[in-house]
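The values are calculated or read from the model by the stated rules, or taken from the named source; none is laboratory data. Keep in mind that this is a model prediction, so the values were computed, not measured. Note that each Cβ is placed from the backbone with ideal geometry, even for glycine, and that neighbours are counted across all protein chains shown. For the accessible areas, the whole protein counts, side chains as well, though only heavy atoms, and no ligand, DNA or RNA atoms are used. Shrake-Rupley method; radii C 1.70, N 1.55, O 1.52, S 1.80 Å.
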Amino acid sequence: MQAIDVLLIEDSAVQARMIQQQLKSVPNTEFNVQLADRLSAGLEALDKHEFQVIILDLMLPDSDGLDTFFSVRNHAPTIPIVILSANNDVSLAAKAVEEGAQSYLVKGSVSGEQLARSIRYALQRTVAGHAEWDSPMFHLAQQQFLKAAHIMGLDDNVRQRLLFPQRTLVVTLPFRRDDYQQVETVFGYRVQHMLTMGPTKGGIRYHQDVDLGEVSALAMWMSWKCALMNLPFGGAKGGVRIDPTVHSRHELQRLTRRYTSEIIGMIGPDKDIPAPDMGTDEQVMAWIMDTYSQQVGYSVPAVVTGKPVVMGGSLGRKEATGRGLVYLIHEAAAHVGIDLQHATAVVQGFGNVGSNAARFLEELGTRIIAVSDVSTGIFNPNGLSVNSLVEYVEQHRSLEGYPEGEEISNKDLLELECDVLAPAALQNQITGENAARLQCKMVAEGANGPTTLEADEILGDRGIFVLPDVLGNAGGVTVSYLEWVQGLQNFTWTLEEINNRLHKTMTDAFHRTMLRMQRDKLDMRTAALIEGINRVQQAKLSRGLFP
Ligand code: NAD
């Protein structure tokens, strides 16, 4: 039997003795517990011995509160920490979990078995976290989830189960460059976060920064998003670590077909249905559908959504994410007190989501004063013409050199004075560093994960309304669902029917989230996450645990 080395930092001799006795009584696991009765003694012990886990009381004679946690973590950043909390101090312990502690236990109310289980979970998660999952984006998704889980009192076992994806596949795949002799080998991923509610659903991203952590975070957000919108899917996501802008169409086609072959066992119309995300589009979906269909021997349009209309794609899918975002900006504007007919907006990212959001905002009378893409930003306080921008990008592949405005950096663009700021490019754009300088009334998240936890707090304190990603950009998966249903039924709906359903689904979810936000005094993101997670919890508990 392998022993687990535990450092227990606790000043109460009674509590310490109780924990030591409890751990001694756990069958089949031996715990070597070393006790330190103050912070300084704990840090000394960490210098002398390599522990596998730390159990930490935050209130010590020589340190208290989160400072205790930060001191220990900075001293031993790779060792998992389980917080020991007094009954009246649970919110402090939860805060430590938000900051990166693995878990917390309430003194006096845990059995030896629960204590041992928390230690085992902490070890398991740390091992997993050291793998490719150790990414800021996955950390953000997990911390957001843990915060919501704590507030809603999520069942402990369900919490552990949902913190990591259920299935992940990492592949390496070769493809030929246009110069036939050269072969490139790249990494690809497909992650299914949760399979409880039906088939899984989620986009495929081509970007040079894609890794397992990023794809897992996006898959987790898909789970909450689908549940929030009442769609019968679990969350998934895929990606290839490649910069699509430096490859020809032929190369992207070969890469896509090979990636599809590598993940083919995981996808299918009843299993897992990909869609476009950053760096992929209708054409990529058409290649995936064709490759899958060639393998099974007949056409299976419902294996992907976001494909060209001529192949069974849905009317309205291409612009659905931007359209859905604007439906909700319209709802939120009434709450925030913005008159969109006389408002200004700034959009970061001018791809599928950004350009469509700009277009629909312009249709409502809002002046688009700045947009950007990876190449540059364009600012014109008198308003930009979205049609002319779209035409320019079609011709030149980027905004660079667009004549009817001044150049502005992506960083400065976020800080422009405006009513609505819509980040619709990458994650991690609004951070603790710039959140205090934002000059908008509303942040409408088209992108996934554009705002860090720290920034969320700053925006909250400043009274800036945040339309969170899981709600704001859910229009894409909503019309993807409608496309999937049309595909399974071999039946098509009109654009008007699609947009009416999209509008109803989005505004229903918005008002449910607003109600929860106001009733439980939450921020909008936490309210949206709880709406989604709650539904997943109910489904998990009704299905029970196999075997
Ligand atoms: P896209 O590839 O069509 O467009 C991305 C845009 O962002 C491009 O204009 C690109 O130049 C720009 N960009 C890239 N890096 C940038 C940087 N560093 N700074 C500024 N701009 C940068 O992608 P998309 O489908 O519009 O996706 C954008 C975001 O929306 C992503 O976070 C994606 O996950 C999210 N999203 C997309 C959908 C969808 O249906 N396509 C649905 C939900 C969420």
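Values for this structure:
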| item | result |
| --- | --- |
| Test for Gln489: is it open to solvent by 30 Å² or more (accessible area, probe 1.4 Å), touching an Asp or Glu at 6+ places or on another chain (Cβ under 7 Å) and more than 12 Å from the ligand (Cβ to nearest atom) | no |
| Residue in the range 254-275 that is without any contact (Cβ under 8 Å) to a residue 24 or more places away in the chain and over 23 Å from Ala424 (Cβ atoms) present | yes |
| Qualifying position, being away from the ligand (no atom under 16 Å from the Cβ) and either modelled with pLDDT of 95 or more or of a type in the set (Gly, Ala, Ser) (or both), among Met517, Met506 | Met517 |
| Subset of the range 293-331 that is open to solvent by 60 Å² or more (accessible area, probe 1.4 Å) and assigned to a loop (DSSP other than H, G, I, E, B) - its residue that is nearest to Gln486 (Cα to Cα) | Leu315 |
| Within the range 60-72, tally of residues that are within 23 Å of Leu23 (Cα to Cα) and without any contact (Cβ under 8 Å) to a residue 40 or more places away in the chain | 1 |
| Checklist (1) in a helix (DSSP H, G or I); (2) open to solvent by 10 Å² or more (accessible area, probe 1.4 Å) applied to Ala227, failing item | (2) |
| Lone qualifier among Leu66, Leu92, Leu7 - being among the aliphatic types (A, V, I, L, M) and farther than 20 Å from Leu146 by Cβ | Leu7 |
| Residue identified as in a helix (DSSP H, G or I), out of contact with any Phe, Trp or Tyr (no Cβ under 9 Å at 6 or more places or on another chain) and either open to solvent by less than 70 Å² (accessible area, probe 1.4 Å) or not β-branched (Val, Ile, Thr) (or both) among Arg525, Arg501 | Arg525 |
| Residue that is modelled with pLDDT under 95 and either more than 25 Å from His247 (Cα to Cα) or not hydroxyl-bearing (Ser, Thr, Tyr) (or both), where the choices are Arg359, Arg397 | Arg397 |
| Qualifying residues in the range 405-448 (those that are open to solvent by 10 Å² or more (accessible area, probe 1.4 Å) and of a type in the set (A, V, I, L, M)) - the one farthest from Asp277 (Cα to Cα) | Ala436 |
| Residues that are open to solvent by 20 Å² or more (accessible area, probe 1.4 Å) and among the aliphatic types (A, V, I, L, M), drawn from the range 71-87 | Ile79, Ala86 |
| Residue ID - farthest from the chain's Cα centre (by Cα), chosen from residues in the range 332-374 that are open to solvent by 10 Å² or more (accessible area, probe 1.4 Å), within 15 Å of the ligand (Cβ to nearest atom) and of a type in the set (A, V, I, L, M, F, W, C) | Phe360 |
| Any hit, the range 163-177, residues being hydrophobic (A, V, I, L, M, F, W, C) and under 28 Å from Asp456 (Cβ atoms) | yes |
| Any hit, the range 287-301, residues being of a type in the set (Phe, Trp, Tyr), out of contact with any Ser or Thr (no Cβ under 8 Å at 6 or more places or on another chain) and modelled with pLDDT of 95 or more | yes |
| Filter result (touching a residue at least 60 places away in the same chain (Cβ under 8 Å) and outside any helix (DSSP H, G or I)) within the range 22-54 | Ser25, Val26, Thr29, Phe31, Gln52, Val53 |
| All positions within the range 258-289 that are in a helix (DSSP H, G or I), open to solvent by 50 Å² or more (accessible area, probe 1.4 Å) and out of contact with any strand residue (DSSP E or B) (no Cβ under 8 Å at 6 or more places or on another chain) | Gln283 |
| Condition met for Val90 (open to solvent by less than 10 Å² (accessible area, probe 1.4 Å) and out of contact with any Gly (no Cβ under 6 Å at 6 or more places or on another chain)) | no |
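Yes or no, residue by residue, for (1) open to solvent by 70 Å² or more (accessible area, probe 1.4 Å); (2) at pLDDT 95 or above; (3) farther than 21 Å from Gly112 by Cα; (4) out of contact with any Pro (no Cβ under 8 Å at 6 or more places or on another chain):
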| residue | (1), (2), (3), (4) |
| --- | --- |
| Met1 | yes, no, no, yes |
| Leu8 | no, yes, no, yes |
| Ser12 | no, no, no, yes |
| Gln20 | no, no, no, yes |
| Val26 | no, no, no, yes |
| Ser40 | no, yes, yes, yes |
| Ala45 | no, yes, yes, yes |
| Ile54 | no, yes, no, no |
| Phe69 | no, yes, yes, yes |
